[in-house]
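Read the figures in this text as sums done on the coordinates, not as results from a lab. Here the structure is a predicted model, which means the values were calculated and not measured. Heads up, the Cβs are rebuilt from the backbone with ideal geometry, glycines too, and the neighbour counts pull from every protein chain shown.
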Amino acid sequence: MEAMAERSQPAALYWATAAFAGGLLLHVDRVPVWVTAAALLLVVWRLVAAHARVPQPGRIARTVLTAVVTIAVLARFHTLNGLAAGTALLILMAALKLLESYRRRDRLVLVGAGLFLLLAACLDRQSLARAPLYLAQAWLCCTALAVIASDGFPGRAALALAGRTLLFALPLAVLLFLFFPRLAGSFWTVPRGEEGLTGLSDTMSPGSIGKLTTSYDIAFRARFEGPLPPPEQRYWRGPVLPQFDGFTWSRGARDWRARAAWEFAGPAYRYRIALEPSRHRWWFALDTPAQSPDPNVTLTHDYELLAPRPVSDPTSYEALSYTARRAAAPLADWERLEDTALPRGRNPRSLALARELRARAASDTAFVTAALDYLRSGGFVYSLEPEQLGSDEIDDLLFRTRTGFCGHYASAFAVLMRAADVPARVVTGYQGGEWNPVGGYLVVRQADAHAWVEVWLAGRGWTRVDPTAVVEPERLVRGALDLLPEAMSASTRLLRASPWLVGLLQRWDAANAWWNERVVKFDYATQIDVLERLGIRSANVWALGWAFMIALLTWLAVLAWHMGGAARSARPEALARAYAMLCRKLARTGRARAPHQGPLAYAEALRGGSPAVTESAYTLLAVYAQLRYGAPEPATRAHDIEAFARAVRRLRLS
Amino acid sequence: MRVPFAAAARARMAAWVRRRQGADVLPVTLARRRLYILPTRAGLAFGGLWLLMLLAGLNYGNSLALFFTFLLAGFALVAMHQCHRNLLGTTLVSVSAPPMFARRAGALVLTLENRSPEARPGVAASLDDGPLIGADLAPHGRAVLTLPLAAARRGLVRIDRLRLTSTHPFGLFRTWTWVHLTVEVLVYPHPAGRLPRPTTSGTQLGERPHGSAGADEWLGLRPFRDGDSPRQVAWKAYARGAPLLVKEYSPAGSDLCLFDFARLRIPDIEARLSQLARWVVDAEAGGERYGLTLPGAALAPNRGPEHRHHCLAALALHGSDG
């Protein structure tokens, strides 16, 4: 019977399905394709079933399907605990729920799933671009509630109603957002997925990469308090890779070591980094960070910033860096041994070249210069799409292909150094950054990822050498993307083609930066800051609690007042007011209405007065009596009362 | 299954509400202090979901999740106000209950009026245990709600209170009020029984009025309707100042039935009353004249809806003190 009712009024089912499908769309690029496909299949099936007779699975079939789905999710994620796995499971379970969505309760469950998917989407990503989508999803769910609650409520009216209601709710949402006391720390954590995040990895194997990904995604933004560092100093330090096995540079297990003692000099740069989420634990800072910006983040022995967990949410921190530095202590022998190690029997021609150059040079410093000269004059080409290298890949690069990008040249240069017993290691990170004049910060993109070399020179310590800068000096100034436009994706190239578009993008990026810093990172400390700006000195959690209560009560009072508006302006009261005004005006002519007198008795009593008073008073009082005590005529009553009130207002006696 | 304790609690609650509000007099305009509001089951589920969202948002310090949690909190609060306002100020103009037969569907007819310039969709009414019957009230509009009534036994059914309620607009809250109006519904006996109708000609009973034999039998006067022959109009009565009346006759030789409670040989009184009710209903449907004799009451032969009602009411109230 329910199914019959549904065929005549399928609106509730449509909207419930839409609320679920909207939630599904928020995750479409995060869950495995088969999850989306299965859910969409069930949605379509259900919509068809609302119109035609389609076989429906029984209880046993549904139970089996549920088990199958759970196992499939387990097989894919190896857990049900976790944002990605939980989302996939929720989507599939809700889609299965569609199979039995014949009752009102089942449709409400679908809307609940839509809201839960919205929550999961918020936990997953909080970018400015997605916020309108989330708002739309909330609207959709609320509309579905309205349609389900009253069958046959037209969709457009339900949309308007839900929209109006959400608009009323918006001020409260903003107030609570500002003043609801946030907690520091977590009660529990759910493992986060790593889908779709880019970033620097802990290892570098240039030979195996045929093509460098030139992602236009933002790695981080840096806002400087004082002047910017000059372009040639814009190296953003990431993982330091001292171990080389012939193919791959890696960090090795050196975290137990004490930090090398370095002395800093030159200007101190204080700046704020807003880091975009990545799948890695690295925090980036201008080379070289002098201290850890956060107690949980380690400044390692090699002056890398290592967080305890991957940066799964936008993160921002204040950092302090110096661009000039000197080692305070000599390199220990065993460290020197490690940092000059090379795999045996590989790259013989390169090793020979290194020994030859070193023999001709007077010092290690001169040798570095000679090696750089070799790269500068050897006909080397900077390319983001180099040929694949053979097994002796450094030999292959230096003597055959002579094309590569930063990873290739850094790797080759470090090998040359080590071959001549000069300690060297590869440092990865970012180089450069695009100035955003709107927001006043530097934007560093994934495409700015870079690799350079640090060489130990006696008296100076680890010294930065960038072989890529020698091969292609423009790389430092213009960045990889501008240098090699053909490496950009078509859409990126289009975006960078016109200055107008670039300006627009910079504005959009500044809005994003504001969003990330002011909205996404809004926390307890910011709340206290807001209170202090409102003039509350030494604000604490109690002040916040009071502010929260006051905000809530104010909003409730305004809401009650607004909602009562209709009742206040209800016709009977308007009528009573107009009558009171009429009586006041008549009383001023000398004869007040006695409490026992009704309107008609009063009119009779007024008869002795002046003709003008008598006539107008008599008419108006009779109209009032008719309106007040006469038979109700709902259609014209409101209009009549308004006319009566107007006439009373215009009445001039005397 | 309703345990006795719950039933007792309900009765106490009902008594308390009644003491608190007092008896109502029509028309009843629903005032603020008599409207009650609580979340529905969907509302409770929404609240649970909301709490989860809040915990998750706080736990992760996730600003966007918290924002949407707060937005939904505001949404629910506004929805509560809207729900309350949907019923506030609605006027119950009239309540009527036409007589009904036992074990057949009856109805309690309510008229609601919306005196505000805003629509009130989804206003519903119900009896204590009855189904909800809803209607949409247009701005300055009226709606008639017909609540189904069922009575197992004949007699007078007393309705002490009815409920006006609404879950508009989002079904998260239910606002309701009790209206304490005493409505008595007359329940005729269930017409049943297969005994043939005792038919006697009028002459046998000697009730034939004076007049020529074979002529039509004089039934009485009824108001004039368009199309009536002027010859049938009771001009004498009109001359005395009465309204236009028409003399009515039944065709000559039409049946005259007299149903006597005492003559029926059915041991069970209720069954006997049911049989009598059957005959009354059938006789009226057949256009016959019929009379009814009950212990302590006798209704002279007549016909017409009013007579039928008198007969059935007498049957309904047989044995009661009323």
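Before moving on, here are some points about what is shown:
- Of B:D228, B:D24, B:D268, the one that fluctuates the most in a GNM where chain B has Cα springs shorter than 10 Å: B:D228
- Note on the protein assembly as shown: Kirkwood hydrodynamic radius from all Cα pairs is 37.2 Å, rounded to one decimal.
- Computed from Cα positions, the angle between helix B:269-285 and the longest principal axis of chain B comes to roughly 70 degrees.
- Annotation: the range B:26-125 has a Kirkwood hydrodynamic radius of 17.0 angstrom, from the mean reciprocal C-alpha pair distance.
- Helix-only CD estimate at 222 nm, as mean residue ellipticity for chain B, using -39500 (n - 2.57) per DSSP H run (n ≥ 4): -10000 deg cm²/dmol
- Environment charge at A:A547 (Cβ cut-off 14 Å; Lys +1, Arg +1, Asp -1, Glu -1): +1
- Built amide H within the under 5 Å cut-off of B:R104, gap 5+: B:A151
- Unit charges on C-beta of K, R, D, E only; dipole of the protein assembly as shown, Debye: 4200
- At 0.890 mPa s and 25 °C, Stokes diffusion of chain B via Kirkwood alpha-carbon radius, µm² per second: 100
- Pairs of alpha carbons in the range A:571-650 separated by more than 17 Å make up 41% of all such pairs.
- Inter-site label distance for B:F5 and A:R76 at 7 Å from Cα along Cβ, in nm: 4.8
- 3J(HN,Hα) couplings calculated from phi for the range B:107-115 with the Karplus curve 6.51 cos²θ - 1.76 cosθ + 1.60 (θ = phi - 60°) are, in sequence order, 8, 10, 9, 10, 10, 10, 10, 10, 8 Hz; Gly and Pro show x.
- Packing-based exposure ordering (other Cβ within 10 Å, fewest first) of B:F75, A:F177: A:F177, B:F75
- Residue mean of other protein chain beta carbons inside 10 Å, B:179-186: 0
- The convex hull drawn around the Cα atoms of the range A:206-495, when projected onto a plane and averaged over every direction, covers 15.0 nm².
- This model, with +1 at the C-beta of Lys and Arg and -1 at the C-beta of Asp and Glu, gives the range A:571-650 a dipole about its Cα centre of some 360 debye.
- Calculated log₁₀ intensity ratio I(q)/I(0) where the Debye formula runs over C-alpha points of the range A:272-409, q = 0.13, 0.16 Å⁻¹: -0.89, -1.10
- Calculated [222 nm] ellipticity per residue, helices only, for chain A: -16500 deg cm²/dmol; basis is -39500 (n - 2.57) per DSSP H run with n ≥ 4, divided by all residues, nearest 500.
- Net charge contributed by nearby residues that have their C-beta within less than 15 Å of B:A42 (K/R +1, D/E -1): +4
- Helices meeting the span-like rule in chain A (full DSSP H runs, Cα extent of at least 15 Å along the helix axis, mean Kyte-Doolittle score of 1.0 or higher): A:11-26, A:33-49, A:59-77, A:83-97, A:104-124, A:131-149, A:155-179, A:541-568.
- Charge tally in the Cβ shell below 13 Å around B:M100, where Lys, Arg are +1 and Asp, Glu are -1, B:M100 excluded: +3
- Which of B:K247, B:K236 has the fewest Cβ neighbours within 10 Å, and the rest in rising order: B:K236, B:K247
- Rounded to 10°, Cα long-axis angle of helix B:4-21 versus longest principal axis of chain B: 90
- The distance between label points at A:L40 and B:L26 comes to 6.0 nm (points 7 Å beyond Cα on the Cα→Cβ vector).
- Remark: mean inter-chain Cβ contacts per residue of A:516-524 equal 2, using a 10 Å Cβ-Cβ cutoff to other protein chain atoms.
- Computed over the range B:1-41, Kirkwood Rh from alpha-carbon pairs, angstrom: 12.5
- Candidate aspartates and glutamates - alpha carbon under 16 Å from B:K236, same-chain residues fewer than 8 apart omitted: B:E248
- Contact order for the range B:4-188, expressed relative to its length and based on alpha carbon pairs under 8 Å spaced 6+ residues apart, stands at 25 percent.
- Per residue of A:67-78, other chain Cβ atoms within 10 Å of the residue Cβ number 0 on average.
- Each of A:W34, A:W283, B:W279, B:W176 was scored by other Cβ atoms within 10 Å of its Cβ. Arranged with the fewest first, they read A:W34, B:W176, B:W279, A:W283.
- The range A:2-166, relative contact order [Cα under 8 Å, separation at least 6], %: 36
- Max mean-square fluctuation residue, GNM over chain B, Cα-Cα springs under 10 Å, options B:L127, B:L147, B:L38: B:L38
- Placed amide H near A:L320: partners under 5 Å, 5+ positions off or other chain: A:A290, A:Q291
- Binning the alpha carbon pair distances of the range B:4-188 at 10 angstrom intervals from zero yields the distribution 9, 30, 30, 18, 9, 3, 1, expressed in whole percent.
- More than 25 Å apart - percent of Cα-Cα pairs taken over the range A:1-112: 20
- Sequentially through the range B:158-175, phi angles give Karplus couplings (6.51, -1.76, 1.60; θ = phi - 60°) of 9, 10, 8, 8, 9, 10, 10, 8, 7, 10, 4, x, 10, x, 8, 10, 10, 9 Hz, Gly and Pro residues having no value and appearing as x.
- Using θ = phi - 60° and Karplus 6.51 cos²θ - 1.76 cosθ + 1.60, couplings along the range B:76-91 (whole Hz; Gly, Pro as x): 5, 5, 5, 4, 5, 4, 4, 4, 4, 5, 5, 9, 4, x, 5, 10
- Database remark: amide H of B:N302 closer than 5 angstrom to the amide H of B:Y290, B:G291 (H placed geometrically; neighbours at sequence offset of 5 or more, or on other chains; Pro and chain starts carry no H).
- For chain B, the longest principal axis of the alpha carbon atoms and the long axis of helix B:41-60 meet at an angle near 0°.
- Relative contact order of chain B, pairs being alpha-carbon contacts under 8 Å that are 6 or more residues apart, as %: 14
- Charge-dipole axis of the protein assembly as shown as Lys and Arg at +1 and Asp and Glu at -1 on Cβ define it, positive-most pick from A:S411, B:A9, A:F644: A:F644
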